[in-house]
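Taking it in order: structure first as structure tokens, then the write-up.
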Amino acid sequence: MPPESLRCKECKTTYPLDARYVCERCFGPLEVAYASRADTDPDELRRRIQAGPHSIWRYADFLPLSAPPRGTLPAGWTPLLRADRLAERLGLREVWVKNDAANPTHSFKDRVVAVALARARELGFQTIACASTGNLANAVAAHAAAAGLESYVFIPSDLEEQKILATGVYGTHLVAVRGNYDDVNRLCTELSGEHEWAFVNINMRPYYAEGSKTLSFEIAEQLGFEIPDRIVCPIASGSLFTKLARGFEEWIDEGLLSGELPTMNGAQAAGCSPVATAFESGHDVCRPVKPDTIAKSLAIGNPADGPYALELARRTGGAIDSVSDDELRQGIRLLAETTGIFTETAGGVTIAVLAKLAERGDIDPAERVVAVITGEGLKTLDCVRGTFETWEIDASVASFDQAAAGVAVAA
Ligand SMILES: *Cc1c(COP(=O)(O)O)cnc(C)c1O
Ligand SMILES: [Zn+2]
């Protein structure tokens with residue numbers, strides 16, 4: 001399925017496959033269009049995938065590159081785990097957790113950065129940059145280091161310290177902007193006009209977005225080339241959410257999968273929920289908000305793909321819900337206690353929305369549900385402080401017995 005052009009999502013005008021992201025005619029967003037490959041035998045295609053490397057490059061046939069790159073950090077091929085104890089707690093039968101914290105920089109952003117950076121190198125860029133809510137900063141700095149390229153990473157200055165440290169360590173130019181993500185993004189849009197840099201989520205955005213499809217390819221392959229009934233996935237700009245569906249659609253078109261799209265459920269934090277709010281009020285566009293939530297990785301007040309996310313949720317019979325910061329903390333604890341997976345705030349949002357859907361009776365117990373866990377708990381450690389107890393004792397058996405007895409009495 002060779003990439004053919006960039007194409008406007010709105011008016012369908014086509015452009016060459018270079019570093020651009022907005023339609024000159026209607027200002028609509030551009031995406032990658034592929035030449036049709038109706039003559040390829042699905043069995044042959046499946047065999048080629050299965051013979052590929054254990055990384056996103058096994059899906060290179062579906063990515064906007066001339067050739068898979070070499071010597072990169074191996075993004076993707078993360079575990080899909082059946083979570084029976086989580087399902088039981090929620091009164092559901094079949095819940096799976098796609099753990100994308102198991103990527104080189106511990107979030108799904110390694111997928112999108114790997115693809116954008118590979119395309120940037122094909123186009124001859126020497127410098128990589130991004131506007132980040134946190135995880136993208138980690139991924140751009142690391143993948144640029146692996147490729148030996150210079151990088152500039154722009155973040156809101158109030159980002160979690162763990163994410164700042166886990167970015168600076170790679171030797172990037174780290175720029176903390178006094179403002180929120182939407183301010184950072186506006187600045188970077190201006191800078192992308194001034195410098196010959198590949199901003200992975202601005203002028204390289206069409207390629208970046210394609211990387212997210214590998215998450216649905218993996219889910220389908222790990223389920224034995226089947227489509228789950230429902231996906232629950234967090235929404236920041238809405239790129240991941242919409243591209244997950246696109247991945248399943250492409251494989252249905254290629255004859256690799258049969259059936260319909262999963263019911264698509266989006267998850268946002270109440271303190272930054274422009275898409276959930278528009279969904280609830282029946283609107284087709286999102287009204288920008290000023291973020292105020294501990295889920296900083298999802299704190300985009302003006303989501304670029306909001307309208308497409310709304311359309312997708314409605315078309316598949318899904319929804320977009322929001323949860324409070326307290327609920328997301330409980331979501332983190334619930335996932336950790338039932339699966340051994342410690343996720344960051346975005347994963348807490350996802351699990352809390354899953355719990356809300358189950359409680360509301362929106363999920364038929366017979367459904368196969370996949371929750372997409374997009375990031376690692378160690379990067380947002382502060383948010384679980386105070387959610388559990390520690391016994392502090394002297395180094396003596398008597399002191400331990402005393403603490404244990406205290407608990408026994410209390411219980
Ligand atoms: C970036 C990010 C997302 C989703 O981002 P989109 O802009 O909606 O594609 C989800 N979870 C985490 C942890 C992220 O870092
Ligand atoms: Zn257009």
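The values are calculated or read from the model by the stated rules, or taken from the named source; none is laboratory data. Everything numeric in this text was worked out from a predicted model, so none of it was measured. Here the Cβ positions follow ideal geometry from the backbone for every residue, glycine too, while neighbour counts run over all protein chains shown.
Out of all the residues in region 101-113, is one or more aromatic (Phe, Trp, Tyr) and within 23 Å of Arg205 (Cα to Cα)?
yes
Does Glu327 count as assigned to a helix (DSSP H, G or I), buried (at least 18 other Cβ atoms within 10 Å of the Cβ) and of a type in the set (Asp, Glu)?
Values: assigned to a helix (DSSP H, G or I): yes; buried (at least 18 other Cβ atoms within 10 Å of the Cβ): yes; of a type in the set (Asp, Glu): yes.
Yes; evaluated as a whole, the condition is true for this residue.
Residue by residue through region 1-29, note down the ones that are in a strand (DSSP E or B) and more than 12 Å from ligand 2 (Cβ to nearest atom). Outline the logic, then answer.
Looking only at region 1-29, we keep the residues that are in a strand (DSSP E or B), and these are 3-8, 14-15, 22, 29.
Correct list: Pro3, Glu4, Ser5.
Which one of Arg37, Arg46 is more than 26 Å from the chain's Cα centre (by Cα), in contact (Cβ under 8 Å) with a residue 60 or more places away in the chain and over 24 Å from Leu191 (Cα atoms)? Show your work before the answer.
On the way: Arg46 fails: more than 26 Å from the chain's Cα centre (by Cα).
Answer to the selection: Arg37.
For Arg70, which of the numbered conditions (1) more than 16 Å from ligand 1 (Cβ to nearest atom); (2) in contact (Cβ under 8 Å) with a residue 12 or more places away in the chain; (3) under 22 Å from Pro3 (Cα atoms) fails to hold?
Unmet condition: (2).
Output the number of residues of region 246-283 satisfying the condition of being of a type in the set (Gly, Ala, Ser), in contact with a strand residue (DSSP E or B) (Cβ under 6 Å, 6 or more places away or on another chain), more than 15 Å from Ala304 (Cβ to Cβ) and buried (at least 23 other Cβ atoms within 10 Å of the Cβ).
So the count comes out to 3.
I need a count of the residues in region 379-402 that are part of a helix (DSSP H, G or I) and loosely packed, with under 13 Cβ neighbours inside 10 Å.
Residues in region 379-402 being part of a helix (DSSP H, G or I) and loosely packed, with under 13 Cβ neighbours inside 10 Å: 4 in total.
Quick check on region 30-39. Is at least one of its residues in a loop (DSSP other than H, G, I, E, B), within 16 Å of ligand 2 (Cβ to nearest atom) and surrounded by 15 or more Cβ atoms within 10 Å (Cβ to Cβ)?
No.
In the set Ala145, Ala131, Ala120, Ala137, which member is out of contact with any helix residue (DSSP H, G or I) (no Cβ under 6 Å at 6 or more places or on another chain) and either crowded, with 24+ Cβ neighbours inside 10 Å or without any contact (Cβ under 8 Å) to a residue 24 or more places away in the chain (or both)?
Ala120
Condition first: at pLDDT 95 or above and either in contact with a strand residue (DSSP E or B) (Cβ under 7 Å, 6 or more places away or on another chain) or of a type in the set (A, V, I, L, M) (or both). Now tell me which residues in region 41-59 satisfy that.
Ile49, Ala51, Ile56
For region 1-30, which positions are within 16 Å of ligand 1 (Cβ to nearest atom) and out of contact with any Asp or Glu (no Cβ under 8 Å at 6 or more places or on another chain)?
Listed by number, the list holds a single entry, Tyr21.
Would you check which residues across region 284-318 are surrounded by 15 or more Cβ atoms within 10 Å (Cβ to Cβ) and either away from ligand 1 (no atom under 16 Å from the Cβ) or not in a loop (DSSP other than H, G, I, E, B) (or both) and list them?
Result: Lys296, Ser297, Leu298, Gly306, Pro307, Tyr308, Ala309, Leu310, Leu312, Ala313, Arg314, Thr316.
Quick check, is Arg205 surrounded by fewer than 23 Cβ atoms within 10 Å (Cβ to Cβ) and within 30 Å of Asp18 (Cα to Cα)?
No.
Give region 208-234 a look and list any residue that's of a type in the set (Asp, Glu), under 14 Å from the mean Cα position of the chain (by Cα) and surrounded by fewer than 24 Cβ atoms within 10 Å (Cβ to Cβ), or say none. Step through it out loud before you land on a result.
Filtering region 208-234 down to residues of a type in the set (Asp, Glu) leaves 210, 218, 221, 226, 229.
Cutting the leftovers down to under 14 Å from the mean Cα position of the chain (by Cα) gives us 210, 218.
Within region 208-234, Glu218 is the sole residue that qualifies.
How do the pairs read when you match residues in region 386-411 that are not assigned by TED's automatic domain parsing to the domain that holds Arg333 with residues anywhere that are modelled with pLDDT under 90 and in a helix (DSSP H, G or I), using Cβ under 9 Å and keeping only pairs 6 or more apart or on different chains?
Between residues of region 386-411 that are not assigned by TED's automatic domain parsing to the domain that holds Arg333 and residues that are modelled with pLDDT under 90 and in a helix (DSSP H, G or I), the close pairs are Glu389/Val407; Trp391/Gly406; Trp391/Val407.
So the check is Cβ under 9 Å with 6+ separation or different chains; which pairs have a first residue in region 281-310 that's more than 18 Å from Arg186 (Cα to Cα) and a second one that's within 16 Å of ligand 2 (Cβ to nearest atom)?
Hits for this filter: Asp284/Pro307; Val285/Pro307; Tyr308/Lys9; Tyr308/Pro29.
So which helices (runs of 4 or more DSSP H) are wholly in region 168-271 and hold at least 2 residues that are modelled with pLDDT under 95?
181-194
I'm checking my understanding of the structure. Among residues of region 355-371 that are touching a Leu at 6+ places or on another chain (Cβ under 7 Å) and among the hydrophobic types (A, V, I, L, M, F, W, C), which one is surrounded by the fewest Cβ atoms within 10 Å (Cβ to Cβ)?
Ranking the qualifying residues of region 355-371, first place goes to Ala358.
All but one of (1) crowded, with 24+ Cβ neighbours inside 10 Å; (2) within 12 Å of the chain's Cα centre (by Cα) hold for Ser237, so report the exception by its number.
(1)
Identify the residue in region 332-348 that is more than 13 Å from ligand 1 (Cβ to nearest atom) and part of a helix (DSSP H, G or I) and, among all such residues, is nearest to Arg82 (Cα to Cα).
Among those that are more than 13 Å from ligand 1 (Cβ to nearest atom) and part of a helix (DSSP H, G or I), it is Thr339.
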